[in-house]
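Structure first, commentary second.
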Amino acid sequence: MFFTITTNRETADKIKKQCDWDERFQSGRSYEIGEIVHYEGYSMVQINSKDGKKIGPEDIFWLGHHSAGQ
C-alpha cells in the first residue's frame, strides 16, 4: 500500500527529512519514504506502508504536523 503526495520541492525535502528521522530513531511509524521525483514546478513523494500493512491515520497526521514545523 502506498500513496503519493504532489507538493513543492521544499515540502518534499521536509517530508524526506522527517521520514529519515523517523527511521533513524525507530519511531514505530507505519510508513516509510518511497520514491521522490522532482519536476519543474512540483515534486511527487511516494509514502509506502511498512510490511504491507495499512498506514495509520495518526501517522499521516504526525508526518504532516512534523514536516510543516521544520
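The values are calculated or read from the model by the stated rules, or taken from the named source; none is laboratory data. The structure displayed is predicted, hence computed values, not measured ones. We place every Cβ from the backbone using ideal geometry, glycine too, and count neighbours over all the protein chains shown.
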Task: Which numbered condition Arg9 misses (of (1) of a type in the set (Lys, Arg); (2) at pLDDT 90 or above; (3) loosely packed, with under 12 Cβ neighbours inside 10 Å) - done: (3)
Open item on the list: Among the residues in region 42-54, are any touching a helix residue (DSSP H, G or I) at 6+ places or on another chain (Cβ under 9 Å), at pLDDT 90 or above and small (Gly, Ala, Ser)?
Closed with: yes
Task: Residue in region 59-66 that is loosely packed, with under 10 Cβ neighbours inside 10 Å, free of Cβ contacts under 8 Å to residues at least 60 places away in the same chain, of a type in the set (Phe, Trp, Tyr) and outside any strand (DSSP E or B) present - done: no
- [ ] Can you give me the ranges of the strands (runs of 3 or more DSSP E) entirely in region 1-52 with at least 2 residues that are acidic (Asp, Glu) and either in contact (Cβ under 8 Å) with a residue 60 or more places away in the chain or over 14 Å from Gly64 (Cβ atoms) (or both)?
- [x] 31-39
